[in-house]
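Nothing in this text is a laboratory measurement; each read-out follows from the coordinates by a stated rule. Keep in mind that this is a model prediction, so the values were computed, not measured. Cβ sites come from the backbone with ideal geometry, for glycine too, and all protein chains shown count toward neighbours.
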Amino acid sequence: RTDNNFWTPITSEQREVHDGFAGQVLRLVNKWRKFKRLSPEDLQRLMMLLTSMRIVCNAYGQHDWKSIEAEVLAARRLSPGLKSKIGSPKLDEFRDVLSDLLETPGQKIVIFSQWERMLRLADLYVRDVLEAAGANSLVFCGALSLKKREELVKRFNTDPTARVFFSTDAGGVGLN
């Protein structure tokens, strides 16, 4: 396992949404400072806002998923228009990193994300890079049947062209 940190900026659209959430977080923090407690609803709202801030920093399109979902799931390639809607410097950086990793023949790569949507976006972002390397990817998530999960793990382990394995936390237990 190799961990690397890559610092990437966010777009103005991401920043605007993030800052809107941050303002709501600040109001809740100020409420806590004043009353020394938050209601269960306030705590739930705080956690939702912090999660939303993380999501929008990944990709604007992950935050605004409903507006792009059909287009993302139907796309065979990442068009400039769809890339603009997704709005993710993080995925641009990921694409460059993956391209470098694929230069090592036979190397297998496992990518984890908490969010299936982010994996779907990442998979779309790198399809042309994978194709150029004669490789493909697999997306493993909790929505898959047990049989399909086993098939994907077996294929990743035995198919030399299956070089990238995108997995949600569903793959974190028992994945070799």
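The convex hull around the C-alpha trace of the stretch 85-176, projected and averaged over every direction, spans 5.9 square nanometres.
Evaluated over the stretch 1-144, the count of Lys pairs having alpha-carbon atoms less than 27 Å apart is 5 (only pairs 8 or more residues apart or interchain). The C-alpha atoms of the chain define a longest principal axis, and helix 40-58 lies at about 40 degrees to it. Counting only alpha carbon atoms, the long axis of helix 116-125 and the longest principal axis of the chain meet at about 50°. In whole angstrom, note down how far apart the Cα centers of the stretch 95-122 and the stretch 39-55 are. Measuring centre to centre over Cα atoms gives 29 Å. Overall, the ratio between the Cα radius of gyration of the stretch 73-121 and 2.2 N^0.38 Å, rounded to two decimals, is 1.28. Spin-label model, S84/E41: points 7 Å from Cα along the beta carbon direction are separated by 4.1 nm.
In whole percents, the pair-distance distribution calculated for the stretch 1-85 from its alpha-carbon pairs, binned every 10 Å from zero, is 15, 34, 29, 17, 5, 0.
Taking the charge dipole of the chain about its Cα centre, with +1 at Lys and Arg Cβ atoms and -1 at Asp and Glu Cβ atoms, the residue from F35, N58, S113 reaching farthest to the positive side is F35.
Evaluating 6.51 cos²θ - 1.76 cosθ + 1.60 at θ = phi - 60° for every residue in the stretch 62-78, the Karplus couplings come out as 5, 5, 9, 4, 4, 6, 10, 3, 4, 5, 5, 5, 8, 5, 8, 9, 8 Hz, glycine and proline recorded as x. Per the Kirkwood formula applied to alpha carbons, the stretch 123-172 shows a radius of gyration over Rh ratio, Rg over Rh, of 0.98. Applying both filters, DSSP loop and at most 15 other Cβ atoms within 10 Å, to the chymotrypsin sites (Phe, Trp or Tyr not before Pro) of the stretch 1-61 gives F6, W7.
Rg of the Cα atoms in the chain, relative to 2.2 N^0.38 Å, amounts to 1.18. With a Förster radius of 41 Å applied to the C-beta separation of V29 and A70, the computed FRET efficiency comes to 0.65.
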